[in-house]
Every structure is written in C-alpha cells, then in structure tokens.
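Here the structure comes first, spelled out in structure tokens, and everything after it is commentary.
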Amino acid sequence: MIPVTRTTLPDLEDYLTYLWQIWKSGQLTNNGVLSRQLQAEVMAFLGTNNLALVSNGTLALQLAIKALRLQGEIITTPYSYVATTNTILWEGCTPVFVDVDSESFCINPNLIEAAITERTTGILATHVYGYPCDVSRIQEIADRYKLKVIYDAAHAFGVRLHGESLLNHGDCSTLSFHATKLFHTAEGGGVVCRDEEVAKRVFLMGKFGHIGEDEYLDLGINAKISELHAAMGLVVLPKVPEIIAARRECSAWYDDLLGGLDLQRPRVIDGLEYNYAYYPVVFPSHEAMMKVRAALQARDIFPRRYFYPSLNTLPFLPELLRRSCPVSESLAHRVLALPLYPALARQDVERIAVCIRRVVVA
Ligand SMILES: *Cc1c(COP(=O)(O)O)cnc(C)c1O
C-alpha cells in the first residue's frame with residue numbers, strides 16, 4: 001500500500017532519552033524545559049523570532065486572529081485546507097473569499113482590493129503547498145488599508161524566499177506540526193509573529209490568559225504543548241534537512257518521469273528555496289483526474305484530492321458567503337497530491353508515473 005504520506009518516526013531510542021528526562025523532572029506540561037528548548041531550536045532552525053508554540057495548527061490560526069484582534073470581515077483564500085476557513089468562522093468573523101492565481105494557486109493579489117469594505121480588518125492567506133503568496137503585493141495593500149496579514153504557513157516549514165524565512169512575512173504566520181506535516185510533534189503548532197507583543201499575547205491567551213496565578217491578561221483558551229509532544233519535536237527537528245533532501249529527490253523523479261505530459265504544477269518564482277512538502281499535479285480535466293485516481297487506487301496507491309472542495313463551496317457556509325471562485329473551483333476539481341515521503345522508492349514513483357502516463361496519453 002502506498003499512502004499519500006507517511007509520518008517520519010525518529011529512532012525510538014532518541015525519544016526514550018527525552019522520556020527519561022521527563023520522568024526525572026516530573027513535569028509533563030505548562031511550558032516545561034523541553035517546550036522552551038523546542039521553541040528556541042525551531043526559531044534557530046527557521047531563522048525567525050517571536051515564536052509561540054501551541055497544541056495544533058488550528059489553534060495557531062484561532063490565536064493569531066484573536067491576538068491581532070480581528071473582527072468583522074477577513075479576506076481569505078478558497079484554495080486551502082478547511083481549517084483556514086473554519087477558524088475565521090469559529091472566531092465569529094466573516095470569511096470573504098478572493099479567488100486564487102491560476103499559476104501560483106495562492107490568493108490573487110489583483111482581486112483583493114475589490115473585496116475590501118469598511119468592515120474588513122485582515123487578510124488570511126495560505127502559502128499553498130509551501131509555495132509563497134505574493135507577499136510584497138499583499139503587504140502593500142494591507143499597509144494602504146491598515147489591515148493585518150496572517151499567513152497560514154502550515155505547509156511552509158523551512159521555506160525560504162530571497163535567503164530569508166518565508167515566515168517572516170505578515171503580522172503572523174501559523175505553523176502546524178501535525179504528524180502528516182514535514183516537521184511534526186505528533187500534534188502541535190506555532191505562531192511566528194512580527195511583533196514581540198503579539199507573540200506574548202498568543203502565548204498568554206493559549207494558557208487561559210493567565211499572568212501569574214491570580215491575574216488574567218485577557219480571554220484565554222488552552223493551547224499548550226505538552227513535554228511529550230515537545231520531545232517528539234526535538235528528535236524530529238534534526239532530521240528535517242534529510243527529510244527535505246529525500247523529498248527533493250522523490251520530486252525530481254516525478255519531474256523526470258512525468259515530463260512532457262499535459263500536467264500543471266505550481267509556478268516556481270525567483271529566489272525560492274522550496275521544502276518539497278507536497279507534489280501536486282493538476283490534470284487537464286476532472287475526468288482525467290478521476291480516472292488516474294481510480295487507476296492508482298486499483299493498484300493500492302492512494303493520492304489525495306488536496307485541496308478539495310474549494311472552500312467557498314463548503315456545505316455549512318451561509319449562502320451569502322459562497323462567492324464564486326472559478327479558478328479555485330477548477331483547480332480543486334482537477335488536482336491530486338501524489339504520494340511523497342522519504343521512504344518512497346524510485347520503483348514506486350516509476351509505477352505511479354507509468355499509471356498516470358497510460359491514462360493521460362490514452
Ligand atoms: C494541517 C493544516 C492546518 C491544520 O493544522 P492542525 O495542526 O492539523 O490543526 C491548517 N491549515 C493548513 C493549510 C493545513 O495544511
């Protein structure tokens with residue numbers, strides 16, 4: 001069986017070393033030694049400041065929205081994972097969908113201004129598959145209209161743009177350390193903030209808003225990361241360069257073996273150091289995609305319709321919010337994320353490519 005991804009498990013011995021440490025200290029959570037160590041190591045690895053660790057990437061988004069005090073309308077992308085839209089709704093704000101660019105698959109900056117109203121307070125866009133949004137155009141618009149910018153950077157761990165972490169753009173960039181992500185802590189996440197005060201607010205709001213024992217900064221929730229999760233992060237983090245290198249190699253095999261076919265891939269921009277988090281391919285038609293998917297599934301190979309559905313068509317959205325986004329809807333109907341993980345063998349990629357070629361060329 002070949003799934004779309006497989007979690008990287010570190011050596012159990014390495015994890016046990018940290019477990020011994022936890023057993024000795026007796027501290028399982030509440031910003032312990034290992035969480036603080038992970039926070040420092042992740043910041044050093046990424047080249048970012050002001051990182052608050054949290055318990056998952058969804059709470060990271062919720063806390064970013066809360067800490068930046070966004071209300072009313074938030075301009076957002078329809079082409080992302082469902083959590084991007086859900087968190088806006090969950091925080092009592094209104095998602096205003098702006099269609100994506102047909103080449104980057106990220107929010108189309110040319111369409112943002114037309115969607116701004118006097119109720120707009122922020123922009124929440126996703127670096128889709130780890131490919132960057134047009135961060136300079138988005139910042140320029142945000143500055144002009146005094147809007148806050150949040151990037152859902154769940155896919156962008158380790159991505160660099162012009163020699164700098166992509167996470168240094170926007171007021172907040174949120175990370176997911178879920179087991180399926182490139183870097184993981186089983187469950188976990190983080191918020192990288194431009195402003196130290198915002199990072200503090202995220203951190204405090206994520207521990208019930210407590211400052212000291214009897215005082216509260218503000219409304220809070222529980223978004224703490226446990227020492228057991230932090231320990232997982234500490235053993236996976238040193239493996240990230242190998243993980244990225246292995247994924248780069250698999251991606252190059254796909255590039256090679258799928259060359260010449262009528263398949264669209266996200267455009268690569270100048271100055272990008274990609275993390276090879278995903279290998280999405282967009283087929284010429286919905287029918288071709290479904291045929292390829294069925295053919296692969298018949299061989300026990302499970303690509304994922306990632307992302308589907310286009311978020312502006314989610315069934316639980318109020319009718320009023322379902323603005324048409326033709327580019328995103330079209331992509332969502334034609335895309336497959338192909339299997340990609342370090343243990344994927346060249347022969348597996350060959351089998352997948354042969355299968356795709358047979359359907360697409362026929
Ligand atoms: C995984 C993911 C999330 C949610 O992260 P969790 O840690 O699973 O809560 C949010 N947005 C995107 C784009 C994701 O891929």
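Does V159 satisfy the criteria of being of a type in the set (A, V, I, L, M, F, W, C) and more than 16 Å from V54 (Cβ to Cβ)? So V159 passes the test. Selection of the stretch 291-334 for residues being touching a residue at least 40 places away in the same chain (Cβ under 8 Å), of a type in the set (D, E, K, R) and assigned to a helix (DSSP H, G or I) yields K291, R293, E329, R334. Only residues that are over 25 Å from A179 (Cα atoms), of a type in the set (A, V, I, L, M, F, W, C) and in a loop (DSSP other than H, G, I, E, B) were counted across the stretch 271-290, and they come to 1.
Answer yes or no: is there a residue in the stretch 159-167 that is at pLDDT 95 or above, of a type in the set (V, I, T), in the same structural domain as M232 (by TED's automatic domain parsing) and away from the ligand (no atom under 16 Å from the Cβ). No, the stretch 159-167 contains no residue that is at pLDDT 95 or above, of a type in the set (V, I, T), in the same structural domain as M232 (by TED's automatic domain parsing) and away from the ligand (no atom under 16 Å from the Cβ).
Condition check ((1) touching a strand residue (DSSP E or B) at 6+ places or on another chain (Cβ under 8 Å); (2) surrounded by fewer than 19 Cβ atoms within 10 Å (Cβ to Cβ); (3) under 30 Å from L89 (Cα atoms); (4) not assigned by TED's automatic domain parsing to the domain that holds N86) across all residues:
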| site | (1), (2), (3), (4) |
| --- | --- |
| Q264 | yes, yes, no, yes |
| Y276 | no, no, no, yes |
| M290 | no, yes, no, yes |
| A298 | no, yes, no, yes |
| I301 | yes, no, no, yes |
| L344 | yes, no, no, yes |
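Has the stretch 234-244 got any residue that is without any contact (Cβ under 8 Å) to a residue 60 or more places away in the chain and part of a loop (DSSP other than H, G, I, E, B)? There is no residue in the stretch 234-244 that is without any contact (Cβ under 8 Å) to a residue 60 or more places away in the chain and part of a loop (DSSP other than H, G, I, E, B). When the test is whether a residue is crowded, with 18+ Cβ neighbours inside 10 Å, within 23 Å of the chain's Cα centre (by Cα) and charged (D, E, K, R), E103 does not pass it.
Test of understanding: among L68, L53, which residue is within 16 Å of the chain's Cα centre (by Cα), of a type outside the set (D, E) and within 15 Å of K200 (Cα to Cα)? Give the derivation first.
On the way: L68 fails: within 16 Å of the chain's Cα centre (by Cα).
Residue meeting the stated conditions: L53.
In the stretch 106-126, the qualifying residues are those that are away from the ligand (no atom under 14 Å from the Cβ) and among the hydrophobic types (A, V, I, L, M, F, W, C), and the one that is surrounded by the fewest Cβ atoms within 10 Å (Cβ to Cβ) is A114.
The values are calculated or read from the model by the stated rules, or taken from the named source; none is laboratory data. None of the values given here were measured: they were computed from a predicted structure. With ideal geometry, Cβ positions are generated from the backbone for all residues, glycine too; neighbour counts draw on all protein chains shown.
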